[in-house]
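Working notes, structure below.
Any read-out appearing in this document is the output of simple, stated calculations on the displayed coordinates, not a laboratory observation. Note that this is a predicted model, so its numbers are computed, not measured. Here Cβ is always computed from backbone atoms with ideal geometry, including for glycine, and neighbour counts include all displayed protein chains.
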């Protein structure tokens with residue numbers, strides 16, 4: 001396997017192509033001016049600035065000069081970056097679908113909005129994403145490279161502001177982003193910047209730089225370089241201190257237990273430099289975070305849920321991108337899952353233009369039979385050449401007793417190499433990691449991965465292979481397929497595996513059509529798994545076809561074939577009648593329709609039918625939402641799975657979710673989730689009132705109520721939390 005790693009790296013070098021040239025560099029000027037943020041752009045400084053224009057269509061008619069243009073001007077005064085944008089609409093009315101902060105899909109993508117992406121190191125590795133819609137809702141996010149593209153993390157927050165106004169058909173945005181909110185080095189004053197404008201009424205998306213449709217709008221490789229005048233290290237407001245207090249009352253109705261506690265906590269952020277941040281949290285409370293969306297799980301393995309706790313999200317890509325999908329050595333939700341966190345420290349950011357560092361240390365309390373633990377992580381990322389980035393990491397979990405470390409540990413160390421060709425068509429990833437656990441053999445404890453992507457406007461593909469050995473144990477990670485539960489013996493068997501993956505996708509775009517936007521007419525993918533003796537465990541093949549119309553509604557059809565060599569009994573019905581160890585072939589077919597997302601009523605309907613192991617499975621789901629903007633947004637989801645395993649039994653799993661968002665302003669909202677899941681015998685109500693009474697200072701009132709599927713109460717709780725942000 002190590003020889004294959006070396007071979008792949010050689011292949012990456014052969015694909016080093018001098019393709020796309022950099023976009024022409026512009027200047028982000030310095031002006032010792034101040035702005036009264038009102039969405040009017042009436043200060044004299046705006047008249048002295050050269051505009052950025054000539055926006056291009058992203059959706060639809062990709063690459064054409066946009067009929068409805070945006071003019072952008074910007075400058076900085078040493079403390080803040082100011083951006084003014086005017087969008088020339090064809091109609092005076094405004095359409096917004098949400099006023100909720102950080103709701104990137106609805107407040108951003110499904111509303112009239114304006115977005116800015118900033119890569120302060122111009123290294124195309126990570127950056128900042130700011131969006132404001134015409135209702136004044138703010139979205140701030142981190143953008144980070146992930147395998148062959150980029151991902152967005154909207155749970156990151158910073159202090160910034162924006163105002164909007166309408167002047168006949170002109171939509172005006174005025175934005176202030178404090179420089180202290182951005183990590184940068186004054187010695188490298190070249191930033192990558194690009195802008196987007198979204199007109200949801202026309203289902204139109206325009207960008208300031210050319211971005212082909214096979215890439216995402218936030219792909220930092222397409223940012224334009226701006227030379228920043230008079231950029232200096234930001235010395236003001238190095239400290240942010242956020243004390244909070246939570247009053248939490250819970251009642252366990254089944255066991256007749258009641259508990260009320262008052263928990264103070266403290267979060268501190270210190271800017272070591274303009275590019276390096278130290279975060280500290282003491283006795284943190286996370287009662288205000290969004291509830292997880294419940295799902296029906298008919299697979300044999302655990303499902304991944306995203307991290308939502310703020311402390312773990314600053315520069316989180318350094319820690320979460322250490323592995324691949326399904327094999328990740330660091331999964332921060334493991335920390336504090338079984339016991340409360342007493343404190344945490346994190347140092348993250350750039351120490352040079354091409355070098356990023358992440359250091360994390362978190363201690364948890366002992367609770368019942370769970371001893372206290374210390375979690376540590378060290379990540380160093382280095383851009384070696386223009387196309388190659390290497391990342392080395394060490395992750396440690398160790399039991400503690402007071403200030404002493406106990407000889408009970410799990411450590412994972414490894415290295416990743418990412419490749420991106422200069423013409424943005426080829427990408428590659430090579431991973432190697434090794435696990436060391438105090439009571440586990442030092443053999444069969446490695447992980448290897450190789451992957452190559454190809455991507456152009458009409459064709460894309462992927463080929464990869466990975467190997468996970470049985471003793472590659474990641475206590476702080478997420479490797480669900482390593483653990484196999486036997487429903488007969490009720491035991492879990494750890495077994496290594498090898499996985500190969502491949503995908504070919506062909507797409508046609510229709511520029512001149514008034515009906516069709518694009519057609520993904522061929523998509524064939526396969527995942528095959530082998531056990532430690534090189535016998536096939538499972539092979540999944542998927543063929544699908546998607547036709548997207550000009551209004552962005554779509555019709556989707558797929559056929560899936562599964563071969564499963566079941567080594568351990570599986571009880572998906574949870575009725576004691578497990579599917580026997582044997583070989584199974586089964587196929588299902590699915591059809592889905594998604595309506596246009598710029599209407600008040602929007603829906604997605606899906607039907608799947610076919611075989612399932614030795615029996616049959618039929619699925620129906622509907623996800624619909626209605627917008628009563630600017631007052632409220634209502635959404636309902638229903639999913640039904642009918643499973644018939646013949647003599648083993650049959651059952652129907654129902655999953656229902658109702659969500660309502662009521663907006664009193666863009667700072668005050670009330671969100672309620674009602675979820676019903678018969679697979680896990682749970683009916684849950686979670687209602688949260690959130691008031692941002694000062695930038696990043698919040699008051700929360702959260703009520704949670706849990707019942708079984710017969711609507712008999714199991715437990716309930718109410719929490720009040722208030723925090724305040726001090727900047728020094």
From the Cα trace of the range 185-251, what convex hull volume per residue do you get, rounded to a whole Å³?
254 Å³
Among [x] 44; [y] 39; [z] 56, the entry that matches percent of Cα pairs over 39 Å apart as calculated here
[y]
Note on the range 567-607: C-alpha Rg/Rh, Kirkwood Rh, two decimals, gives 1.31
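What translational diffusion coefficient, in µm²/s and rounded to a whole number, does the Stokes-Einstein relation yield for the range 590-728 at 20 °C and a viscosity of 1.002 mPa s, taking the hydrodynamic radius as the Kirkwood radius over Cα pairs?
120 µm²/s
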So, in Å, what gap is there between the alpha-carbon centers of the range 108-178 and the range 40-92?
14 Å
Round to the nearest 10 and give me the degree value, 0 to 90, for the angle of helix 2-14's Cα axis relative to the longest principal axis of the chain.
30 degrees
Dividing the helical contributions, -39500 (n - 2.57) per DSSP H run of n ≥ 4, by the residues of the chain yields a 222 nm value, nearest 500 deg cm²/dmol, of -500 deg cm²/dmol
Note: residue 668 to residue 253 extended length (0.36 nm per residue) minus current alpha-carbon separation gives 146.2 nm
Using only the Cα atoms, work out Rg/Rh for the range 70-135, with Rh taken as the Kirkwood radius, to two decimals.
1.02
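Please order 412, 143 by the number of other Cβ within 10 Å, starting at the fewest.
Ascending Cβ contact count within 10 Å gives the list 143, 412.
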Using only the alpha carbons of the range 31-228, determine the length spanned along each of the three principal axes and report them from longest to shortest in whole angstroms.
45, 42, 31
What would the Debye equation give as log₁₀ I(q)/I(0) for the range 460-499 at q = 0.21, 0.25, 0.29 Å⁻¹, counting only Cα atoms as equal point scatterers?
-0.73, -0.88, -1.02
5 Å-binned pair-distance histogram of the range 93-195 (Cα, whole percent)
3, 13, 21, 23, 19, 12, 7, 3, 0
Taking the Cβ of each residue in 386, 533, 346 as the centre, tally the other Cβ atoms inside 10 Å and list the residues starting with the fewest.
533, 386, 346
Given a cut-off of under 8 Å on Cα pairs at least six residues apart, what relative contact order in percent is computed for the range 31-228?
26 percent
Which values of log₁₀ I(q)/I(0), to two decimal places, follow from the Debye formula for the range 369-449 at q = 0.11, 0.12, 0.17, 0.26 Å⁻¹ with a uniform point scatterer at every Cα?
-0.43, -0.50, -0.77, -1.18
